[in-house]
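The values are calculated or read from the model by the stated rules, or taken from the named source; none is laboratory data. Keep in mind that what you see is a predicted model, and the values were worked out from it rather than measured. As a convention, Cβ positions derive from the backbone with ideal geometry for all residues, glycine included, and neighbour counts pool all protein chains shown. All accessible areas refer to the heavy atoms of the entire protein, side chains included, with ligands and DNA or RNA removed. Shrake-Rupley method; radii C 1.70, N 1.55, O 1.52, S 1.80 Å.
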Amino acid sequence: MKIVVGIKQVPQADSVKIDPQTNNLIRSGIQGVINPFDKNAIEAALRLRAQAGGEVILLSMGPDSYVTSLRDGLAMDADQAVLVSSRALGGADTLATGYTLAKAIEAIGDVDLVLLGRQSVDADTGQVGPIVAAYLGLPQVTFAESISLESANTIIAKRQLDTVIQDIKVTTPAVITVRSELNRPRYETPVNIKQSFDKAVTVWSETDLNLDPEQIGQAGSPTKVTSVYAPEKKGRQTTTLPTDPTQAVVELLNKLN
Amino acid sequence: MTVIEDQNRMLIQMVKEFTANELAPLDMEIDQKGDYPAGLFQRVIDNGLLKITLPSQYGGAGFDYTAAADALNKMAIGNASMAVTLEGHFKTIEQFTKYGQPSLNDKYLPSAGHRIFAFSMTEPSGGSNPKGISTRAVKQGDNWVITGDKIMITNGGLAEVYCILSKTEDDQMAVFVVDKDMPGFQFGKREDFIGLRGTPVGEVVLDHVVVPADHLLGKVGQGLEIGDNAHADARVLMGAILAGIIEHELGIAINYSKERKALTTPLYQLQVIQEKIADIAIARQNTRALYQKGAQQKVANQLYAETAAMAKSYGSRAAVRSGDEALQVLGGYGYSREYPVEHLIRDARAMELAEGTIEKMNLEITNAEIAK
Amino acid sequence: MDNNEIWVYVELSGSRIEPTSLQLITKAKAIADGRPVVAVIPEATTVQAETIVSQYGPDKIEILVDDRFAEATDEEVSDALFQVMDKQRPNTLLFPATILGRSIAPRLQAKLQTGLTGDCLDIYFKDTLLVQVKPTYGDNIMCDIVCPDRRPQMATVRPNTFRAVQDSSATTKIEKPIFEFHKEEAASILSTKPIINSSANISDAKTVIALGRGAYSEKNVKLANQLAAKLGGMVGVSRPLTDKPEFGHDDQIGQSGNTIAPDLLINLGISGAVQYAVGIKNAKKVVSVNTDKDAPIFAQSDFAYVGDATEFLTAMLGQVR
């Protein structure tokens, strides 16, 4: 089974702040780490590889510094990594990112399964998985909380909606995005950390992939961010409920919904 | 960043994550139970932590001593016992790679990724003063026959391979490697210590254990040198562990003094509290500087025994005193067994004794300074 | 370039209408400023969600009826929506930021080749552009995002951000646009089962009823457990109760116990010492019940009830379905 895991590098949790003067994100000095949900996707891929054999290929789009995250994935025991990196790809929104990743997956070729984390912890969009699936014309399971290999080319995944849980069967090739409930990602072991530096990290640019310049980077991104700011800090505003217990509860339940 | 720096950063991150998830939540339980919970040590093995310093030709990761010391420093912030267990293993591996014969290393070191190796000097008749050693090694054909009683061995009972400081018939000192599966090998009693309660410290009794000639580390007569070398290697790592304990103490004091208020003022805004927090922070920094210097000197093939002795001498005192100050910041809660400060003091106290007492450290430091 | 309409996707689970869809209809009407509000419902024949949806007063409802929508895949739904939207592109298309909404919307986005902003906390028009207010970095940073050139302007909006209000004054036209249900061969929903909530650890619980010394009695423990069972939550305690026979250290909330982050926390007879406060600061909504009107816990609460815990619990049990 040839599995591609899409990963994203994100700033270390809770370290991102807004400069109160300029209203810009303060990014300097923040260590990039692999998006936590993507670790669940890598773990799922490694377990499927243990079951079915094959290869786990990490795929990311971003600046050269994203090799840090790819290396982390390799140290979890993935086989190789691909980074799509070029100035022309900068400023991509989810649509342009999804297009670029889909093209890279086509270039990798003969991919049976694409796994991604349910969303990134920085942008919180969760859109890239379904966009990649749409571009590749593949079936999708989003927010999977279990994945089981039913046969060489069928997977049954569970997806929890608000009130129900679905069993979804897909025929590979397919795209699956995973929740953290799916598994507990393994640690990078000391030996694997050392060996990860012997594994291949291939870097592709937009020309290597023959990307349409109109569909990548800023040009290929329909959305624009017009402003970035810190949310208003709300302390808890205490509402005092009526003294009659029933009235209190009725008012409470009303306001809670 | 160089590749090595990148690899070291990844190792530290891995150890931090492992510690946060697997060790720190059990820190109190380990102290209270006086042992590692079932399965914990297996997780340490399964995640390759015994292989940090083991050279790659034996299936290890081959990280250098600075990386290993930094790793144990991070681990000790969450749980000092497990860090000491690894310290005992790492320092022993160092003696194999430095003094072991190739045939012995080929036979034993590949198993060091899943079996703990230990180094033992102390005997019931005396402290770690090797002159009073009564364990005997008698040459018999190509083999050596070893008989004796070793106590207070770090990881005694948990470890499977032991380096034994012995005297030969001609009263020379030598170190031999014995395996727990050899006939005549027996475990004795485990100590009931007041600190580092997860780390097993125990006794090994050898009754005519026969080992092949290549189980001799170095040469006959090199026993004391190897013992000193093992001490220095241990003390660098203990300095790292002590810096970790102080870091833990500092974290507790800071968190508490931010949350707890005297009337409306958070404690940390009070000068008396600031004095304590600053003292602890300085102690942390000094201990860190000492152990890192020792590790760097070792990696650079410079003399490091004196710095190692300083790291442990200074660090152990500083960690006990810092624990006491952190306890005072927490007031009555600090004195409660429900909070970890009191056990950190007990943990740190162990290192004023282990691998040579503070007095022995200070003697060695003084001798080294006078000789300069 | 577009037909000026605001469309809202109506999400169904069986015959249950996702409340966020109704909330979005009300919100869309509030910001419409003359733009028609259209609800689009892919549904099975028997569901007829339009009868309820029309009570919220959209100008128009587009129903896509096919029994296979009862268990349709993300691709089948987004394909059907694409068919009705591709030619006459609405100005705006809103989805609930539910699991389903967040799965279908981006797939449709790629087909429509337009922009989508996920998990918005607010939306409003500035001239012709829909300003989509989105939190990022775990709600630590807010972004205003627009989609200047392509239509529809798509957004998913976080549940319970707005209130749904019925509106009987509007007349709702119901239409059945032409579309074809394309069965997706490579995927199928094998089964759909209700969720049984079994959160075993208090730090993961979505609802927590916390008992303190001020409310401890055999009866209150029983009532609190009943309420927790009804709300699918768990009972926790402050430090003084950990030595009671019913509770242990695992149940403790606070500095030397568990840190919790439930959607709803109900504190009963808890004074609110600093050691406790540390453990609850990540709770979303905090309700506190205490007989002492000056108890520090009230300052850390969204709702305060000064009174008896037993009476409050009994009233809750009576009112919660």
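Within the listed set B:122, B:264, B:19, the residue fluctuating most in the Gaussian network model of chain B (springs between alpha-carbon atoms under 10 angstrom) is B:264.
Could you tell me how far the Cα centroid of region B:159-220 sits from the Cα centroid of region A:55-92, in Å? Here the two parts' Cα centres lie 49 Å apart. When accessible surface is computed with a 1.4 Å probe, chains A and C are found to bury approximately 6000 Å² between them, both chains counted. Remark: relative contact order (chain B) = 16 percent; criterion is Cα-Cα distance under 8 angstrom and separation of 6 or more residues. Pairs of Cα atoms nearer than 8 Å and 6+ residues apart set the relative contact order; for region B:117-220 it is 31 percent. Based on the convex hull around the alpha carbon atoms, chain A presents an average projected area of 17.9 nm².
Rolling a 1.4 angstrom probe over chain A with all protein chains present gives an accessible area of which 46% lies on carbon and sulfur atoms. At what distance in angstrom do the alpha carbon centres of region C:255-284 and region B:1-51 lie from each other? If we compute the Cα centre of each part, the gap is 29 Å. Projecting the Cα atoms of A:11, A:127, A:143 onto the charge dipole of chain A, computed from C-beta unit charges around the Cα centre, puts A:11 farthest toward the positive end. If you plug the beta carbon distance of residue C:183 and residue A:227 into 1/(1 + (r/R0)^6) with R0 = 45 Å, you get a FRET efficiency near 0.55. Against the empirical 2.2 N^0.38 Å (N residues), the protein assembly as shown has a Cα radius of gyration ratio of 1.09. Electrostatic tally near residue A:49: other residues with Cβ closer than 12 Å to its Cβ, Lys and Arg +1, Asp and Glu -1, net -3. In percent, rounded to a whole number, the relative contact order of region B:133-188 is 31, using alpha-carbon pairs under 8 Å and six or more apart. Our helix-only sum for the protein assembly as shown, with -39,500 (n - 2.57) per DSSP H run of n ≥ 4 divided by its residues, gives a mean residue ellipticity at 222 nm of -11000 deg cm²/dmol.
Region B:245-322 and region C:23-99 have Cα centres separated by 62 Å. Note on chain B: GNM, Cα springs under 10 Å; of B:61, B:326, B:253, the largest mean-square fluctuation is that of B:61. Using equal-weight Cα scatterers in the Debye expression, the normalised intensity of region B:117-220 in log10 at q = 0.10, 0.14, 0.20 Å⁻¹ is -0.25, -0.48, -0.95.
For region C:6-175, carbon and sulfur atoms together expose 47% of the accessible surface, with a 1.4 angstrom probe and every protein chain in place. Among A:56, A:164, A:201, the largest mean-square fluctuation in a Gaussian network model of chain A, built with springs joining Cα atoms closer than 10 Å, belongs to A:164. Straight-line cross-link partners of residue B:180 among the aspartates and glutamates, defined as a Cα under 16 Å from its Cα and at least 8 positions apart when in the same chain: B:149, B:160, B:203, B:207. Taking Cα atoms only, the orientation of helix B:223-259 departs from the longest principal axis of chain B by about 20 degrees. Put simply, the Cα atoms of region B:3-113 extend 42, 32, 19 Å along their principal axes, the longest span coming first.
Computed with every protein chain present, the accessible area of residue B:114 is close to 100 Å² [probe 1.4 Å].
Annotation: lysines with alpha-carbon distance below 19 angstrom to residue A:17 (same-chain offsets under eight excluded): A:233, A:234, C:134. Between residue B:17 and residue B:186, the FRET efficiency estimated from the beta carbon spacing at R0 = 45 angstrom works out to 0.70.
When region A:2-256 is described by a simple charge dipole with +1 on each Lys and Arg Cβ and -1 on each Asp and Glu Cβ, the residue from A:98, A:246, A:58 located farthest towards its positive end is A:246.
Interface burial in region A:110-137, defined as at least 40 Å² less accessible area with all protein chains than with the chain alone at a 1.4 Å probe, covers A:122, A:124, A:127, A:134. What does the charge add up to near residue A:245, with Lys and Arg as +1, Asp and Glu as -1, over the other residues with Cβ less than 14 Å from its Cβ? Around residue A:245, the surrounding residues sum to -4.
Calculate the tail of P(r) for region C:1-157: the fraction of all Cα-Cα distances greater than 28 Å, expressed in %. Here the tail beyond 28 Å accounts for 13 percent of pairs. Calculated accessible area for region B:122-261 comes out at 38 Å² per residue, all protein chains present (probe 1.4 Å; ligands, DNA, RNA ignored).
Between the helical axis of B:3-18 and the longest alpha-carbon principal axis of chain B there is an angle of about 70 degrees. Taking Cα centre as origin and charging only the Cβ of basic (Lys, Arg, +1) and acidic (Asp, Glu, -1) residues, the dipole magnitude of chain A rounds to 480 debye. Electrostatic tally near residue C:254: other residues with Cβ closer than 15 Å to its Cβ, Lys and Arg +1, Asp and Glu -1, net -1.
Excluding same-chain neighbours fewer than eight residues apart, the lysines reachable from residue C:60 by a Cα-Cα span under 25 Å are C:27, C:29, C:87, C:111, C:126, C:173, C:176.
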